[in-house]
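The values are calculated or read from the model by the stated rules, or taken from the named source; none is laboratory data. No experiment lies behind these values; they were computed from the predicted model shown. FYI the Cβ positions are ideal-geometry reconstructions off the backbone, even for glycines, and counts take in every protein chain you see.
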Amino acid sequence: MDEIIYDLLLKSPLGFALLGTLRFRVVFDEPAAGRGIGDVAALLTATLERPFITMNAQDLEGSIAVQFLTGPRPLPGAGRIFSFDMTPLPLNALLSAGDATRQLFLQFSFLDATHIGGGMLWQPGSPQQMKFSLLGTQRPFGMPADVSQ
């Protein structure tokens, strides 16, 4: 199971509070065998010798379900996640989901190892849009997907 699941609390400027679920996984470009644990001293030395900071961008795929907005089925989406080599957590993530009639754009940052914060833009139609602030708490790994709060 390589999927990360967050329980979301969304709040609009008008005071609407909605609950939702975000599921995603990072799609790595290199095979898993190539990503091993290296010698920490060698990695630190190599990092200190670099005159620049490397930013990584990885593909992200997942889905978001907010019962009131998306209906009974989650909207599949794709996006990018950005991180630096020297930080343990990713910096930022962007996800877009939906189709031409209902679009959803999500941006979030990692507050700590188990919490995210950000915003969501929901466009049920062309001239209409709803903005939400977002807080998320990660579900423990190995928790069944059908268990709700």
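Screening GLY98, GLY118 for residues that are at pLDDT 80 or above and either touching a Phe, Trp or Tyr at 6+ places or on another chain (Cβ under 6 Å) or at positive phi (or both) leaves exactly one candidate, GLY118. I'd like the full set of residues that are among the hydrophobic types (A, V, I, L, M, F, W, C) and surrounded by 12 or more Cβ atoms within 10 Å (Cβ to Cβ), limited to the range 1-15. Result: ILE4, ILE5, LEU8, LEU9, LEU10.
Scanning the range 121-149 for residues that are at pLDDT 95 or above and among the aliphatic types (A, V, I, L, M), which turns out surrounded by the most Cβ atoms within 10 Å (Cβ to Cβ)? Among residues in the range 121-149 that are at pLDDT 95 or above and among the aliphatic types (A, V, I, L, M), the one surrounded by the most Cβ atoms within 10 Å (Cβ to Cβ) is LEU134. Of the residues that make up the range 47-59, is at least one at pLDDT 90 or above, surrounded by 10 or more Cβ atoms within 10 Å (Cβ to Cβ) and either of a type in the set (A, V, I, L, M) or in a strand (DSSP E or B) (or both)? Yes, that holds for at least one residue.
A search for C-beta distances below 9 Å between a residue of the range 3-17 that is among the β-branched types (Val, Ile, Thr) and any residue that is surrounded by 14 or more Cβ atoms within 10 Å (Cβ to Cβ) and part of a loop (DSSP other than H, G, I, E, B), counting only pairs 6+ apart in sequence or on different chains, returns ILE4/ARG139; ILE5/ARG139.
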